[in-house]
Amino acid sequence: MAKKPFISLAQARDIIADVPTPFHVYDEAGIRARARAVNAAFSWNPGFREYFAVKATPNPYLLKILQEEGCGVDTSSYTELVLSDACGFKGHDIMFSSNDTPALDMCEAARLGALINLDDLTMVDFLEQVADVPETIFCRYNPGGVFELGTDIMDNPGDAKYGMSEAQMVEAFGRLAKRGARRFGIHAFLASNTVTNEYYPTLARQLFELAVRVSQAAGVRIFAINLSGGVGVDYRPEQPANDIAVIGEGVRRAYEEVLVPAGMGDVAIFTEMGRYMLAPFGALVTTAIHEKHIYKEYVGVDACAANLMRPAMYGAYHHITVLGKEHEPCDHIYDVTGGLCENNDKFAVDRKLPKIDMGDVLFIHDAGAHGFSMGYNYNGKLRSAEVLLREDGSHQVIRRAETPMDYFATFDQTPFYDAIRTSNAQGERAFAESKASAWRPGAQQA
Ligand SMILES: *Cc1c(COP(=O)(O)O)cnc(C)c1O
């Protein structure tokens, strides 16, 4: 499907007047519509709940929007638990699906009464050593081997560090039952970024069949099955988008065919989607600031892989729209680069785009999940602001950009800190008083 940015050039300029590029912008209307579509697709299951994967986009303003739409949160670290608690997610509003878990994190999950998802049999003893075993508990399954849809290998659980075998699930449930657990959940995440309506239904059928076997073998009651994340988005314009209504219906069919006949028609379905919930409703907005013509044509922008790591890390495709040039022919071929001293710092390679002029504003699509949150500070690059486009068309800064002193903050106990602060203040003052502060990309051409 053709990819359409959710802001116009005029709206981008309006935001840029408050917040210089680069920044991430999110679309409230799109987020709410997506959450409602997900809830509608699974409304046949009375216990259904989506637990948004906080790691995808850990911003309290966005978590509050999802909370208003009825979602819980899926967390896997102490800080994600703290953020969720601060947003008012309580008790079973929170899933805690950590692995290789530190004692502090597990203690906090137990303190908040979160739904704890144990990644391994050895975690049963660990849990008991650091907290009381709760009445309700999940265990994470890994079938090993490869995960196939038809003849396509989707992913390779046998190589993944997560989860436990079926025999270990039975053993874990039995041990947990002896220590007071009464309600048991099953969780698995077997393939990532799937762009097919068959992933969840296929996974669900496997987990439903597993649930029937495991509940009998361990003599326990399964109250919920968590399909986790992995529902993907159409990053490329030629890809067909997933249809959540079709996915929900496919899961319903497996439920009717496997769980209901086994007398397990009261099991709740949970999901923990991150990417599908938010990726299309966030974008990285950046300005073209340099061009160079060597063996290839390069456009340099003011964002870099520190703002959006997926292209550099996975060679991932992110569609780019040059705002205001939506209808111009894509008759130029560019590498669109950031300024890291790393040759993989390219948002696009050999990409057909309209002619880009310096000062043009680029909208990098589908950055709303695993975008800002994977950001890092390599080369001393600073994390950008995040901006929310409200349903009424206004915008709100929902996280300011990092400053140099944020970057240096962890030196505050060292003797270097005062010198750093002095140098930074001199640099910022010199810039403000110099001709550099009036520089605009492309101004020299005009
Ligand atoms: C990352 C993760 C998710 C979300 O995955 P998406 O691909 O963003 O949907 C859900 N659950 C767990 C345990 C995860 O680690």
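The values are calculated or read from the model by the stated rules, or taken from the named source; none is laboratory data. In this text the structure is predicted, and so the values were computed from the model without any measurement. So basically every Cβ, Gly included, is an ideal-geometry build from the backbone, and we count neighbours across all protein chains shown.
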Cβ contacts < 8 Å: first residue away from the ligand (no atom under 13 Å from the Cβ), restricted to region 53-72; second residue modelled with pLDDT under 95 and among the acidic types (Asp, Glu), any location; separation 6+ or different chain. Result? none
Test Lys64 against the stated conditions and say whether it is outside any loop (DSSP other than H, G, I, E, B) and surrounded by fewer than 20 Cβ atoms within 10 Å (Cβ to Cβ). yes
Only one of (1) part of a helix (DSSP H, G or I); (2) within 15 Å of the ligand (Cβ to nearest atom); (3) more than 24 Å from Cys139 (Cβ to Cβ) is not met by Leu207, so which one is it? (3)
Among the listed residues Asp350, Asp406, Asp392, Asp357, identify the single one that is assigned to a helix (DSSP H, G or I) and either at pLDDT 95 or above or surrounded by 14 or more Cβ atoms within 10 Å (Cβ to Cβ) (or both). Asp406
Report yes if Gln216 is of a type outside the set (Ser, Thr, Tyr), free of Cβ contacts under 8 Å to residues at least 24 places away in the same chain and in a helix (DSSP H, G or I), otherwise no. yes
Filter result for the condition that a residue is within 16 Å of the ligand (Cβ to nearest atom) and out of contact with any strand residue (DSSP E or B) (no Cβ under 6 Å at 6 or more places or on another chain), over Asn197, Asn117: Asn197
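Based on this model, can you work out whether Arg383 counts as basic (Lys, Arg) and not in a loop (DSSP other than H, G, I, E, B)?
Values: basic (Lys, Arg): yes; not in a loop (DSSP other than H, G, I, E, B): no.
Spelling it out, it is not the case that Arg383 is basic (Lys, Arg) and not in a loop (DSSP other than H, G, I, E, B).
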Before we move on, is Asn156 crowded, with 19+ Cβ neighbours inside 10 Å and within 16 Å of the ligand (Cβ to nearest atom)? no
Considering (1) within 16 Å of the ligand (Cβ to nearest atom); (2) without any contact (Cβ under 8 Å) to a residue 24 or more places away in the chain; (3) of a type in the set (S, T, N, Q), say which one Asn142 fails and leave the rest. (2)
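Right, Met273: within 15 Å of the ligand (Cβ to nearest atom) and either touching a helix residue (DSSP H, G or I) at 6+ places or on another chain (Cβ under 6 Å) or assigned to a helix (DSSP H, G or I) (or both) or not?
Values: within 15 Å of the ligand (Cβ to nearest atom): yes; either touching a helix residue (DSSP H, G or I) at 6+ places or on another chain (Cβ under 6 Å) or assigned to a helix (DSSP H, G or I) (or both): no.
Criteria not met by Met273.
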Look through region 118-155, keep the residues that are in contact with a Gly (Cβ under 9 Å, 6 or more places away or on another chain) and small (Gly, Ala, Ser), and return whichever of them is nearest to His187 (Cα to Cα). Gly144
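Name every residue in region 276-303 that is more than 16 Å from the ligand (Cβ to nearest atom) and of a type in the set (A, V, I, L, M), in order of residue number.
So the first thing to find is which residues in region 276-303 are more than 16 Å from the ligand (Cβ to nearest atom), and the list is 283-303.
Answer for region 276-303, where residues must be more than 16 Å from the ligand (Cβ to nearest atom) and of a type in the set (A, V, I, L, M): Ala283, Leu284, Val285, Ala288, Ile289, Ile294, Val299, Val301, Ala303.
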Among (1) surrounded by 18 or more Cβ atoms within 10 Å (Cβ to Cβ); (2) outside any loop (DSSP other than H, G, I, E, B); (3) in contact with a Gly (Cβ under 9 Å, 6 or more places away or on another chain); (4) touching a residue at least 60 places away in the same chain (Cβ under 8 Å), His290 falls short only on (1)
Tell me, please, whether a residue that is crowded, with 24+ Cβ neighbours inside 10 Å, within 24 Å of Ile31 (Cα to Cα), touching a residue at least 12 places away in the same chain (Cβ under 8 Å) and small (Gly, Ala, Ser) can be found in region 255-272. no
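Specify the residue that is nearest to the chain's Cα centre (by Cα); the eligible residues are those in region 213-243 that are among the β-branched types (Val, Ile, Thr) and away from the ligand (no atom under 11 Å from the Cβ). Don't jump to the end; show me each part of the working.
Pass one, region 213-243, residues among the β-branched types (Val, Ile, Thr): 214, 220, 222, 225, 231, 233.
Next, from what is left, pick out any that are away from the ligand (no atom under 11 Å from the Cβ): 214, 220, 222, 225.
Working: Val214: 31, Val220: 33, Ile222: 28, Ile225: 21 Å.
Looking at residues that are among the β-branched types (Val, Ile, Thr) and away from the ligand (no atom under 11 Å from the Cβ), I get Ile225.
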